[in-house]
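Below is one structure, written out as structure tokens; the observations come after it.
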Amino acid sequence: MDGVAHLDSLKKDAARMSGFTDVLDVRLFGVESKFYAFPGQTEPLTWNLDITPTVDYESDDDTFVLNVEFRVQIVSSDDPGEHEDDEHEKASLQFTYAALFSVAMPEGQAAPTEAEVEAFGRLYGVQLVYPYAREFVQSITSRMGFPPLTISQLRTRQLLPSEDDSAADEVPTKPAKRSSAKRR
């Protein structure tokens, strides 16, 4: 399934519950930061971001938890294609935000399916958590002595699984990692 068709499928699965879901809490659950080397004064910095959302949901419960793991790699390179090379890595961040959601489906409607909750978490839940992650990255990189890193806005394609990650017509139970590379 191509990206547009997959996105349409996710939107359809998430739509039934989107009007009946509220966020109750958002918390930072874990942080790991590593500083490997000081960048030179004129070295351009590049970053890579991986996002992995997962949902904890039981069909007989009226709440679910969305865990979103973020991994940021900060590298120094004149060539953005070199960001995979560990020798240019200056720092890395790995952190998880969790959001607690309530679901109050109208009387007579079935509880959301796992596919609906996964789709809602992937599309709408991550969009809710992402600003917290952006602020955290900007704050922590500044505290690490780097120029404050402002990661770009969330692109929906970052949340779609690649063709290798899932069967053509399924919403994956283990969401795929997405990456974005940007120059500073």
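The values are calculated or read from the model by the stated rules, or taken from the named source; none is laboratory data. In this text the structure is predicted, and so the values were computed from the model without any measurement. Every residue, glycine among them, receives a Cβ derived from its backbone with ideal geometry; neighbour counts consider all protein chains shown.
Select, from Gln109, Gln127, the only residue that is among the polar types (S, T, N, Q), at pLDDT below 95 and farther than 20 Å from Ser152 by Cβ.
Gln109
How about segment 16-63: which of its residues are farther than 20 Å from Ser152 by Cα, part of a strand (DSSP E or B) and among the charged types (D, E, K, R)?
Asp22, Asp25, Arg27, Glu32, Lys34, Asp56
Look through segment 1-20, keep the residues that are charged (D, E, K, R) and exposed (fewer than 13 other Cβ atoms within 10 Å of the Cβ), and return whichever of them is nearest to Val103 (Cα to Cα).
Start the filter on segment 1-20 by keeping residues that are charged (D, E, K, R), which leaves 2, 8, 11-13, 16.
Within this subset, residues satisfying the condition of being exposed (fewer than 13 other Cβ atoms within 10 Å of the Cβ) are 2, 8, 12.
Numbers: Asp2: 30, Asp8: 22, Lys12: 17 Å.
Taking the candidates together, the pick is Lys12.
Could you check segment 30-49 and list, in sequence order, the residues that are small (Gly, Ala, Ser), farther than 25 Å from Tyr132 by Cα and touching a residue at least 40 places away in the same chain (Cβ under 8 Å)?
Step one: list which residues in segment 30-49 are small (Gly, Ala, Ser), which gives 30, 33, 37, 40.
If we keep only those that are farther than 25 Å from Tyr132 by Cα too, we end up with 37, 40.
Correct list: Ala37 only.
How many residues are in a strand (DSSP E or B) and either hydrophobic (A, V, I, L, M, F, W, C) or modelled with pLDDT under 95 (or both) if we restrict to segment 64-82?
10
Anything in segment 145-177 that is modelled with pLDDT of 50 or more, crowded, with 16+ Cβ neighbours inside 10 Å and part of a loop (DSSP other than H, G, I, E, B)? List them, or say none.
Residues satisfying the conditions are Phe146, Leu149, Ile151, Leu154, Leu160, Pro161.
Could you say which residue among Thr113, Thr52 is touching a residue at least 12 places away in the same chain (Cβ under 8 Å), more than 30 Å from Thr141 (Cβ to Cβ) and surrounded by 14 or more Cβ atoms within 10 Å (Cβ to Cβ)?
Unique residue meeting the criteria: Thr113.
Kindly indicate whether any position in segment 84-95 is touching a helix residue (DSSP H, G or I) at 6+ places or on another chain (Cβ under 7 Å) and modelled with pLDDT of 95 or more.
Checked segment 84-95: at least one residue is touching a helix residue (DSSP H, G or I) at 6+ places or on another chain (Cβ under 7 Å) and modelled with pLDDT of 95 or more.
Determine the pairs where a residue that is hydroxyl-bearing (Ser, Thr, Tyr), located within segment 11-29, has a partner that is assigned to a helix (DSSP H, G or I) with Cβ atoms under 8 Å apart, the partner being 6 or more residues away or on another chain.
Here the result reads Ser18/Phe120; Ser18/Tyr124; Thr21/Phe120; Thr21/Tyr124, each pair linking segment 11-29 to a residue that is assigned to a helix (DSSP H, G or I).
Any idea how many residues of segment 41-70 are in contact with a Lys or Arg (Cβ under 6 Å, 6 or more places away or on another chain) and polar (S, T, N, Q)?
2
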